[in-house]
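To start, the structure itself, in structure tokens.
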Amino acid sequence: MHLADLLSLRTVPAAGVLVSLTDRCPLSCAHCSTSSNRGAPQFGEEPFLAFSGTWTDESHPEVVFLSGGEPLLRPGLVRRLAARGRACGAATAVLSGMYFCRSGGIPPPIERAIRAVDHFSASIDVFHEREVPRTDVFAALHTVRSWGVEVSLHTVGARGHDPYLRDLVDRIRDEFDSEVPVLVASLRSAGRAAEWAPRHDDVLSVGPCEFASWPLIDSDGTIFACCQGSMLRRLRPPHLVLGNAADTAWRTVRDRVLTSPHLRSVRTIGPIGTASAAGLRDSGGICGTCVGLDSAESLPSDRFLTSAERLVPAIPARTLAARWGAGPYADAVEWGRSR
Ligand code: SF4
């Protein structure tokens, strides 16, 4: 599966599911949005396996996106989830910080996990490069490509002119002959970067929130409505908690994503519009307002939301990349697509 195909499903409600396999990570990148570290909690495999056991030929996510922490600290679990997905028609993607390639080569358990997935993404940016050399990441990606697995690179940078980003994207293009797509996003003021990175609330536009489309299975099995795991873990607003992977089937999660009036409204008129229609005040930024919608006594009617849903366009991959801050590099998500 190509990165652009994956991204083009990212705004389709319930087309995919994000799965955070662990909070642990052997790296300590200064910008880590999940504040992952070596000693962070890691829960049992059971909720993930139980949840994947509810995927069927008729009802399964189209994409299962595995992340963390560092998901490849659990290569056996990655392999089992990917096998389960493949058996019923779900594609699996995994995003790694590439800790394992610092010693050169790819250890056999990790090779087996990577060979099992349909898309392999590596993080690379100025912070990761302090932990894992660029040359090791490139060498590992050449190896993964030789196995026939689609790959991509995910990077972040400052908004506006960022010489590091310019150099990196040029180097990736030259190293892989424009065959490996790159997703460039703006640095987020979250996790370890919360105290020093500039806030860009407009990354989440004041309009519809595309992040309310795919649920997140958090590392302890809690199912949240969107990818803002750290905040939702802390606040647990009932309208954004969809269940627990240990005992909630995919079919139920999908129904909740598709039918929740809160989520339908956030996806169509956005959290600010929804709060305004409900007579609520802005309660601190876009996500803060969204969390506060739990107290909304009235939400737009089913009829209104059905009409509004017809007006929300599908977002092409490069448009989505541009919204996330790719700027002049938005086209890089398409590199290698016709290969
Ligand atoms: S909390 Fe609400 S506004 Fe923020 S990303 Fe999640 S769904 Fe979107």
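For the reader, a short list of remarks on this structure follows.
- Residue in the stretch 200-221 that is open to solvent by 30 Å² or more (accessible area, probe 1.4 Å) and on the phi > 0 side of the Ramachandran plot present: no
- The set of residues in the stretch 251-278 being open to solvent by 30 Å² or more (accessible area, probe 1.4 Å), more than 12 Å from Pro300 (Cα to Cα) and away from the ligand (no atom under 11 Å from the Cβ) consists of Arg251, Thr252, Arg254, Asp255, Arg256, Leu258, Thr259.
- Comparison of Val184, Val151, Val169, Val144 shows that the only residue that is β-branched (Val, Ile, Thr), touching a Ser or Thr at 6+ places or on another chain (Cβ under 9 Å) and not in a strand (DSSP E or B) is Val169.
- Among the residues of the stretch 288-320, just one is part of a helix (DSSP H, G or I), within 16 Å of the ligand (Cβ to nearest atom), touching a Leu at 6+ places or on another chain (Cβ under 9 Å) and more than 25 Å from Met231 (Cα to Cα), namely Leu305.
- Qualifying positions in the stretch 187-229 - within 13 Å of the ligand (Cβ to nearest atom), polar (S, T, N, Q) and modelled with pLDDT of 90 or more: Ser213, Gln228
Condition check ((1) over 22 Å from Arg10 (Cβ atoms); (2) of a type in the set (Lys, Arg); (3) touching a residue at least 40 places away in the same chain (Cβ under 8 Å)) across all residues:
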{"position": "Gln228", "(1), (2), (3)": "no, no, yes"}
{"position": "Met231", "(1), (2), (3)": "no, no, yes"}
{"position": "Val241", "(1), (2), (3)": "no, no, no"}
{"position": "Asn244", "(1), (2), (3)": "yes, no, yes"}
{"position": "Leu263", "(1), (2), (3)": "no, no, yes"}
{"position": "Ala275", "(1), (2), (3)": "yes, no, no"}
{"position": "Ser295", "(1), (2), (3)": "yes, no, no"}
{"position": "Asp302", "(1), (2), (3)": "yes, no, yes"}
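- Given (1) crowded, with 18+ Cβ neighbours inside 10 Å; (2) under 29 Å from Leu49 (Cα atoms), number of the condition Pro181 does not satisfy: (2)
- Residue ID - most open to solvent (accessible area, probe 1.4 Å), chosen from residues in the stretch 291-339 that are under 14 Å from Gly273 (Cβ atoms) and touching a His at 6+ places or on another chain (Cβ under 8 Å): Leu299
- Options Arg188, Arg159, Arg173, Arg192; residue that is basic (Lys, Arg) and under 15 Å from Arg134 (Cα atoms): Arg173
- Any chance Thr155 is within 22 Å of Phe120 (Cβ to Cβ) and either in contact (Cβ under 8 Å) with a residue 12 or more places away in the chain or among the basic types (Lys, Arg) (or both): yes
- Scanning the stretch 142-165 for residues that are over 19 Å from Gly68 (Cβ atoms) and either modelled with pLDDT under 95 or surrounded by 19 or more Cβ atoms within 10 Å (Cβ to Cβ) (or both) yields a total of 10.
- On the stretch given as the stretch 110-141, residues that are among the small types (Gly, Ala, Ser), over 20 Å from the mean Cα position of the chain (by Cα) and open to solvent by less than 20 Å² (accessible area, probe 1.4 Å) total 1.
- Any hit, the stretch 236-244, residues being open to solvent by 20 Å² or more (accessible area, probe 1.4 Å), within 11 Å of the ligand (Cβ to nearest atom), of a type in the set (S, T, N, Q) and within 26 Å of Leu21 (Cβ to Cβ): no
- Set Gly279, Gly221: member being touching an Asp or Glu at 6+ places or on another chain (Cβ under 9 Å) and more than 19 Å from Gly16 (Cα to Cα): Gly279
The values are calculated or read from the model by the stated rules, or taken from the named source; none is laboratory data. As the structure is a prediction and not an experimental result, all values here were calculated from the model. Every residue, glycine among them, receives a Cβ derived from its backbone with ideal geometry; neighbour counts consider all protein chains shown. Heavy atoms of the whole protein, side chains included, go into the accessibility calculation; ligands, DNA and RNA do not. Shrake-Rupley method; radii C 1.70, N 1.55, O 1.52, S 1.80 Å.
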